[in-house]
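Undergrad: Below is a structure I'd like to ask you about.
The values are calculated or read from the model by the stated rules, or taken from the named source; none is laboratory data. Predicted model only: the values in this text are computed from it and were never measured. FYI the Cβ positions are ideal-geometry reconstructions off the backbone, even for glycines, and counts take in every protein chain you see.
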């Protein structure tokens with residue numbers, strides 16, 4: 001009975017962190033977690049291969065972050081050009 005009440009009344013959606021920037025999606029969050037995990041491993045082992053893996057992943061993450069941020073700003077610019085009402089603040 002308890003489990004049926006839980007299934008019926010408790011929402012089952014993931015809540016997004018409101019402090020994240022709008023261009024940070026689940027793909028970037030996963031890469032950030034992997035990067036942090038590799039950094040901890042490299043610091044613990046002091047192995048050169050671990051450091052190289054960390055540096056490569058960090059570089060790829062930076063490139064993807066710049067690409068997503070640029071894409072987000074480009075998308076916003078096109079939306080403002082299509083609907084200038086949003087730009088003036090009169091919604």
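Undergrad: Does residue 57 count as exposed (fewer than 11 other Cβ atoms within 10 Å of the Cβ) and either at pLDDT 95 or above or more than 14 Å from the chain's Cα centre (by Cα) (or both)?
TA: When the stated conditions are applied, residue 57 does not pass them.
Undergrad: Against the definition (under 30 Å from residue 75 (Cβ atoms) and modelled with pLDDT of 90 or more), how does residue 63 come out, yes or no?
TA: Spelling it out, residue 63 is indeed under 30 Å from residue 75 (Cβ atoms) and modelled with pLDDT of 90 or more.
Undergrad: Looking at residue 67 and the list (1) surrounded by 12 or more Cβ atoms within 10 Å (Cβ to Cβ); (2) in a helix (DSSP H, G or I), which single condition is not satisfied?
TA: (1)
Undergrad: Do we find that residue 17 is loosely packed, with under 11 Cβ neighbours inside 10 Å and either touching a helix residue (DSSP H, G or I) at 6+ places or on another chain (Cβ under 8 Å) or modelled with pLDDT under 95 (or both) in this structure?
TA: Against the criterion (loosely packed, with under 11 Cβ neighbours inside 10 Å and either touching a helix residue (DSSP H, G or I) at 6+ places or on another chain (Cβ under 8 Å) or modelled with pLDDT under 95 (or both)), residue 17 qualifies.
Undergrad: May I ask you to list the residues in region 20-47 that are touching a helix residue (DSSP H, G or I) at 6+ places or on another chain (Cβ under 9 Å) and exposed (fewer than 10 other Cβ atoms within 10 Å of the Cβ)?
TA: 44
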